[in-house]
Amino acid sequence: MTLQQIKYVIGIAETGSLNKAAEKLYVSQPSLTATIHDLEDELGITIFNRTGRGVTLTNDGTEFLTSARQLYIDYQTVMEKYGDNGKIKKKFGVSTQHYSFAVKSFVEMVKDFNTNEYEFAIRETKTREVIDDVASLKSEIGILYLSDFNRKAITSILKSKELEFHHLIDCKAYVYIWKGHPLAKQKNISLSQLEDYPCLSFEQGDGASFYFAEEILSTEEYHRTIKANDRATILNLMIGLNGYTLCSGIICEELNGSDYIAIPFKEEDESINRIMEIGFITRRGFTLSTIGNKYIEEVKKYLKI
């Protein structure tokens, strides 16, 4: 097995296509296919399922990819220190639920590094993909939250994938709306006051567990919901439909604009005290890179912790 073969496997897994991977890796598709076949024969496993719509990882391939990424990261680390003028472009990725502070912290982190030497990626994505990206080392760090509602389910998944959750901050729930919303002047807002307005929820994919929801309440507690895939659409729906979402209250005007406000959410049952525990996940026992440590430093600075 060679580092080139590992690089090819990673490239195919990231693009989901032999054609796209060959183009990205500057190699012919027949040569790429032959190299992967040779590796599969050597390892005695099938790494990719090949269909007319592209390629997907097999179970063996998924397990191999995790180890292969770690090997390639170790190789890059060695070359960064001892290689020929550090010519290899180092990679760093973050996967996150839809938090503007995670994006803002990424922006500040990138400013400290030469983008000619590094290949950066930030992925605002579904909860399950945040977990899978870190498990496969596609991303070094994942940002998500735990609550009494989802903690048991999410913690079980993290444990099964050998991931660790690192606490950052505890937040009470806030109602996130636009400044022209009929409830915008309220000091706090309860769920009953929101009955006439749609809850805006991030789509988690077909068949996704409701424990993956980014909203702190159970999906059964909302009266009406509209799902969207990205933060920009959510913000547009807030204005167009007087929609709302429940969030941590940590908002970034620089990225989202100044037309939106977060108002404390009021529990109608005073015995309930819902808390969002925001943190980051990594592979168990994984030592963060210099870039990873800088990113977490920027996150903590933004959160003032």
- Task: Pairs only if they're at least six apart or on different chains, beta carbon under 8 angstrom, first in the range 66-86 and open to solvent by less than 70 Å² (accessible area, probe 1.4 Å), second part of a helix (DSSP H, G or I) and modelled with pLDDT under 80; list them, first residue then second.
- Result: 86/79; 86/80
- Looking at the range 90-165, what strands (runs of 3 or more DSSP E) fall wholly within it and have at least 1 residues that are modelled with pLDDT under 90? 90-96, 118-124
- Task: Working only within the range 140-162, note down all residues that are of a type in the set (Ser, Thr, Tyr) and under 13 Å from residue 277 (Cβ atoms).
- Result: 145, 147, 155
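Right, residue 169: at negative phi, of a type in the set (A, V, I, L, M) and in a strand (DSSP E or B) or not? Spell out the reasoning first.
On the way: at negative phi: yes; of a type in the set (A, V, I, L, M): yes; in a strand (DSSP E or B): yes.
Against the criterion (at negative phi, of a type in the set (A, V, I, L, M) and in a strand (DSSP E or B)), residue 169 qualifies.
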- Message: Regarding the range 168-175, can at least one residue be identified that is more than 15 Å from residue 212 (Cα to Cα), touching a Ser or Thr at 6+ places or on another chain (Cβ under 6 Å) and modelled with pLDDT of 90 or more?
- Response: yes
- Search the range 247-291 for residues being among the aliphatic types (A, V, I, L, M) and in contact with a strand residue (DSSP E or B) (Cβ under 6 Å, 6 or more places away or on another chain), and hand back the single one that is modelled with the lowest pLDDT. 251
- Consider residue 165 carefully, then state whether it is within 20 Å of residue 236 (Cβ to Cβ) and either touching an Asp or Glu at 6+ places or on another chain (Cβ under 8 Å) or surrounded by fewer than 20 Cβ atoms within 10 Å (Cβ to Cβ) (or both). no
- Message: Need the failing condition index for residue 185 against (1) touching a residue at least 40 places away in the same chain (Cβ under 8 Å); (2) of a type in the set (Lys, Arg); (3) out of contact with any strand residue (DSSP E or B) (no Cβ under 7 Å at 6 or more places or on another chain), just the number.
- Response: (1)
- State whether the residues of the range 189-200 include one that is within 18 Å of residue 126 (Cβ to Cβ) and either charged (D, E, K, R) or at pLDDT 85 or above (or both). yes
- Go over the candidates 132, 41 one by one and state the one that is of a type in the set (Asp, Glu) and open to solvent by 60 Å² or more (accessible area, probe 1.4 Å). 41
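Yes/no per residue for (1) open to solvent by less than 60 Å² (accessible area, probe 1.4 Å); (2) among the aromatic types (Phe, Trp, Tyr):
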{"residue": "99", "(1), (2)": "yes, yes"}
{"residue": "109", "(1), (2)": "yes, no"}
{"residue": "115", "(1), (2)": "no, no"}
{"residue": "143", "(1), (2)": "yes, no"}
{"residue": "152", "(1), (2)": "no, no"}
- Failed item, numbered, when residue 212 is tested on (1) of a type in the set (Phe, Trp, Tyr); (2) in contact with a helix residue (DSSP H, G or I) (Cβ under 6 Å, 6 or more places away or on another chain); (3) free of Cβ contacts under 8 Å to residues at least 40 places away in the same chain; (4) open to solvent by less than 30 Å² (accessible area, probe 1.4 Å): (3)
- Can you give me the number of residues within the range 19-38 that are open to solvent by less than 90 Å² (accessible area, probe 1.4 Å) and either within 14 Å of residue 7 (Cβ to Cβ) or assigned to a helix (DSSP H, G or I) (or both)? 12
- For residue 282, indicate whether it is in contact with a helix residue (DSSP H, G or I) (Cβ under 9 Å, 6 or more places away or on another chain) and surrounded by 20 or more Cβ atoms within 10 Å (Cβ to Cβ). yes
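The values are calculated or read from the model by the stated rules, or taken from the named source; none is laboratory data. Everything numeric here is computed off the predicted structure, so don't read it as measured data. A quick note on method: Cβ atoms are made from the backbone with ideal geometry, for glycine too, and the neighbour counts reach across all protein chains shown. Side chains included, ligands, DNA and RNA excluded: accessible areas come from the protein's heavy atoms. Shrake-Rupley method; radii C 1.70, N 1.55, O 1.52, S 1.80 Å.
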